[in-house]
Amino acid sequence: MQKTGGSVAAFIAGVTPAKRQRDAETMVALMREVTGREPELWGTIVGFGSCHYRYPTKTEGDVPIAAFAPRKQATTVYLLDTGAHADDLAALGPHETGAGCLYIKDLETIDTAVLREMIAEDYRRVVAGETGSVEFTVTD
């Protein structure tokens, strides 16, 4: 994955439906606060910071340290492993999960303090290199 260099503001201005656009604006502010970094576009993903990952299988690439994507059906928040956040997920509010994805249909229905803590914890783990068998190296 690579940064595409587009305008985050223009991208978010084109997000539909309006609820998803509102949530994207909220996510930018929340992730900016948590990471201390400015948002950058990685295709249709809004990322904060960048890192290089390498699996024990030698698969490797570049990804944002923290990221979300405003999709039509839900806002997708990318996490290291949703299973590591079981207690937080129980307190979050309405959501769905995949292995490393958290799907939120409406940020107004969840506890954003819990979401903030989950993002902050994953960000801290990547920066500190505490990510288990996957090696992450911060590149900016």
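Quick note: the coordinates plus some simple rules give every number you see, no bench work behind them. All values derive from a computational prediction rather than experimental measurement. In this analysis, Cβ positions are derived from the backbone assuming ideal geometry, glycine residues included, and neighbour counts consider all displayed protein chains.
The figures follow:
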read-out: Candidate aspartates and glutamates - alpha carbon under 20 Å from K58, same-chain residues fewer than 8 apart omitted; value: D81, E130, E135
read-out: Furthest towards positive pole of dipole, G43, T59, Y103, structure part region 8-129, Cβ charges; value: G43
read-out: Distance in nm between pseudo-label sites at E25 and T137 (7 Å out along the Cβ direction from Cα); value: 4.0
read-out: In Hz, Karplus ³J(HN,Hα) per residue of region 128-140 (6.51, -1.76, 1.60; θ = phi - 60°; x = Gly, Pro); value: 7, x, 9, 10, x, 6, 8, 8, 10, 10, 5, 10, 7
read-out: Computed [θ] at 222 nm, deg cm²/dmol, the chain (DSSP H ≥ 4; -39,500 (n - 2.57); rounded to nearest 500); value: -10500 deg cm²/dmol
read-out: Nearby lysines by direct alpha-carbon distance to K105 (threshold 20 angstrom, same-chain neighbours under 8 apart not counted); value: K19, K72
read-out: K3, K72 arranged by Cβ crowding within 10 Å, fewest neighbours leading; value: K72, K3
